[in-house]
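Participant: My structure is below; once you've seen it, I'll send some questions.
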Amino acid sequence: MRNRLRPLRQQVEKLERALATCETGLKSIEDALADETLYQPEQKTHLNDLLSKQATARQQQQQLESELLAAMEALEEAEQQAEHYRGGDATPA
C-alpha cells in the first residue's frame, strides 16, 4: 500500500511546486502592471503583452489548483484505504 501512496504524494508535491512557480510568475506580471509608466500611450504594446500574459498565467493557476485539489483528494482517499487495511479489515472501503 505504501508503494501506492508514493506516486500520489509525488504528484501532489509536483503540482505544489508548479503552482508556486506559476504564482511567482503571476506576481511578477502584476508587479510590472503596477508601474504607472506602463499606461503611457507609447507603452500600449507592452501593456497588452503583459495583460495577455496575466490572463494566461491566471488560467494556468486555476488549472493547477484544480489538478492539485484532485490529487490531494486521491491521496487522502488512498491514505484512508491504507489505514483501513492496517486496521485489520481486508475489505476495501
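The values are calculated or read from the model by the stated rules, or taken from the named source; none is laboratory data. A quick note: this is a predicted structure, and the numbers were derived from the prediction, not measured. Only protein heavy atoms, including side chains, enter the accessible area calculation; ligands, DNA and RNA are left aside. Shrake-Rupley method; radii C 1.70, N 1.55, O 1.52, S 1.80 Å.
Participant: Please report, for the Cα atoms of the chain, the Rg to one decimal and the Dmax as a whole number; what are they, in angstrom?
Facilitator: Just the Cα atoms of the chain yield Rg and Dmax of 20.8, 71 Å.
Participant: Residue by residue through segment 68-81, which ³J(HN,Hα) values in whole Hz follow from phi under the Karplus form 6.51 cos²θ - 1.76 cosθ + 1.60 (θ = phi - 60°), with glycine and proline marked x?
Facilitator: Using θ = phi - 60°, the values come out as 5, 4, 4, 5, 5, 5, 5, 5, 4, 5, 5, 5, 5, 5 Hz.
Participant: Carbon and sulfur together cover what percent of the accessible area of the chain at a 1.4 Å probe radius? Don't skip to the answer; put the middle values down first.
Facilitator: Values: 3390 of 6880 Å².
Carbon plus sulfur share of accessible area: 49 percent.
Participant: Per residue, how much accessible surface does the chain expose to a 1.4 Å probe? Answer in Å², no decimals.
Facilitator: Details: 6880 Å² over 93 residues.
I get 74 Å² per residue for this part.
Participant: Still on this model: Please turn the phi angles of segment 39-47 into ³J(HN,Hα) values with the Karplus equation 6.51 cos²θ - 1.76 cosθ + 1.60 (θ = phi - 60°), one per residue in order, whole Hz, x for glycine and proline.
Facilitator: Per-residue couplings from phi come out as 9, 6, x, 6, 9, 3, 4, 5, 4 Hz.
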